[in-house]
Amino acid sequence: MTTPSRCTDMIPRIRGNDYRALTLPELGAWTPSLRVSVVIPAYGGQDKLDLVLAGLERQTYPADLTEVIVVDNGSTPPLRLPALRPENTRLLVCATPGRAHARNAGLREATGDVVHWLDSDVVLDRRSVEAHMRWHHAAPYLSVTGYIRFSPAPLPTPEAVAGAADLAEIFEPAEPHAWLVKMIDDTDGLTRRPSRPFGLHVGGATSVSAALLERAGPMDTDLILGQDTEMGYRLAQAGAVFVPEPEARAFHLGPTMRMREKDPIDRVSYAFIADRIPTYRWLRLHPARQWKVPYVEVVVGSPETGKDAFSYDDVRATVDAVLAGTVPDIAVTIEGPWDRVRDEGRAPLTNPDLDLVLTRGHYAHEPRVRTAPASWGAVPYRLRLPAGWVPEDDALARLIDLAKQGEYGLLSVLLEEDAPDGSGGGFVTARLERTAAFARAAIVRAPGEDLDDAVEDVSGTLWVDAETAGFSREALPPVSRRRAHRDRLKAEEQVRHTERVQARMVEWREEAARWRRSTVELRREVASLRRELAASRKTQAIPRRQDVRYRLLMSVKRAIDRRR
């Protein structure tokens, strides 16, 4: 696998996933230069593979820039290459079962600037590869997916596929890839705040920059299902922009397994995906357990990391506060000159590296903390925090919320305006970095350009002060889980009590309003009776006055009864 040979003075800078900033040529009206490797894993299905290769044989993209790698994943009988196929096609054998193993075998043999994944039951329309490749000529960090339709039509002959000017004549009517189309439509083509654009990476008909694949790594062979989505996530962390291309049409021969058995497939897929895709927050609802790839890596160091300023007490204050925070899905890396540490059994108090020894020993059995350089995987967020600075329990969660709301690639927290020794050496900061933004910035950065400036272009940055962010030098003793549980129950009971009082107050207000309305009605009735009594005095004899007075008293009594 090679990196793109085409060099430009300035790589286009796409902000977020808004690929509309790129300018594309019209199909058939441009001169390609990049090579593409079409990788097709296959297990059985020779009749369908023949149609797939026939569709590739008549592509409008130049044949001399195209190679096709078919990987036989242990078929019985073995697969063969048909006569009707692209000129530069070769067949490999991968005996290890599993599509991920087969794809990786093809990936190792690929020599193109772009790798085009293709399933052995997906037939590409004539202009599909060209529609993919014009995007890759515009920017070197794209993942492009075509529009797949699922056809129930009887299988045609390879000659009919190769000779068709439009495959719709053969395979329509067909069903669209419903959830993919909905995701694209709901986000204006993945350009308007898509939450998980990497879901567009489907192996049936997706092309990816070879250089991007090299940074992200091959398919995860430990997964049973969901390999495409997991690789899409890692591509996103490597800086990818995901592009849906309606001109890249493809037809799947029959329905997919997911269309037939979606719920059982999701059950199997989610059981493994949860460990590897931290941004699938709904799969990580457990309040305490750990995962293979954490949501946040906290890198704890000193403004003078590697010098004698390393302090066990400062490191412990920071790390313990981070571990006790409201974001349990974290990992901690403690920076320091660990290669020079030597345990001193005889005279530990005179060991010049005592603080390093204490730190390493204190966290030796805490699986979320590492003191040796090691990768935690494709972590979406990374907080860089100087030792001695203590975040409030909810500080990290608030920073992440702020970064997500503003789609920022970098949040910088101003901790101090001077170096710790008062020498005027500059600011002391904490930094929340979004991995995907920094990876893309590294791709587009010009020689000599500050990486943060490139991050500002592709994702945006923001400064906040320490007090607002919830960072200080005052280390509070960690609260035990049992006490925190009791405090939470007490707080919840106080909330429920407040809600009950508020509900009772609403009832009292409503009852007072009813009494006020009854009083007004009573006053009106009494006034009416008084007027009637006055009139009767003028027109009736004295004996009748007693009767009117009685009626007045009874009316007042009835009004009082109604009010009650």
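For this structure, a couple of remarks:
- Angle between the chain longest axis and helix 262-276 axis [Cα atoms, degrees, rounded to 10]: 80 degrees
- Rounded to the nearest 10 degrees, the inclination of helix 395-406 to the longest alpha-carbon principal axis of the chain is 80 degrees.
- Short-range pairs are left out: with C-alpha atoms under 8 Å and at least six residues apart, the relative contact order of the chain is 12 percent.
- Shape category assigned to the chain from the gyration tensor of Cα positions, a/c cut at 1.5: oblate
- Region 49-93: C-alpha gyration tensor shape, a/c 1.5 cut-off, then a/b vs b/c: prolate
- Expected 222 nm ellipticity per residue - DSSP helices of 4 or more, -39500 (n - 2.57), all of the chain, to 500: -12500 deg cm²/dmol
- Ordering 157-168, 178-189, 37-48 by mean Cβ neighbour count within 10 Å, with the highest value first, yields 37-48, 157-168, 178-189.
- Charge dipole (debye, nearest 20) of the chain; +1 at Cβ of Lys and Arg, -1 at Cβ of Asp and Glu: 5140 debye
- Accessible surface of the chain, 1.4 Å probe, proportion on carbon and sulfur as whole %: 52 percent
- Oblate is the label for region 102-207, because the ratio a/c of its alpha-carbon gyration tensor axes (a ≥ b ≥ c) is 1.5 or higher and a/b is not greater than b/c.
- The lysine pair tally for the chain, using Cα distances under 27 Å and a gap of 8 or more places or different chains, is 6.
- For peptides 452-458, 139-145, 114-120, sequence by mean Cβ density within 10 Å, most packed first: 114-120, 139-145, 452-458
- Looking at region 97-216, the accessible area is 36 square angstrom per residue; that uses a 1.4 Å probe and ignores ligands, DNA and RNA.
- Region 376-458: relative contact order in percent, alpha carbon pairs under 8 Å with at least 6 residues between: 32 percent
The values are calculated or read from the model by the stated rules, or taken from the named source; none is laboratory data. From a predicted model like this one, the values you see are computed outputs, not experimental measurements. Backbone-built Cβ (ideal geometry, glycine too); neighbour counts: all protein chains shown. Note: accessible area is taken over every heavy atom of the protein model, side chains too, but ligands, DNA and RNA are not part of it. Shrake-Rupley method; radii C 1.70, N 1.55, O 1.52, S 1.80 Å.
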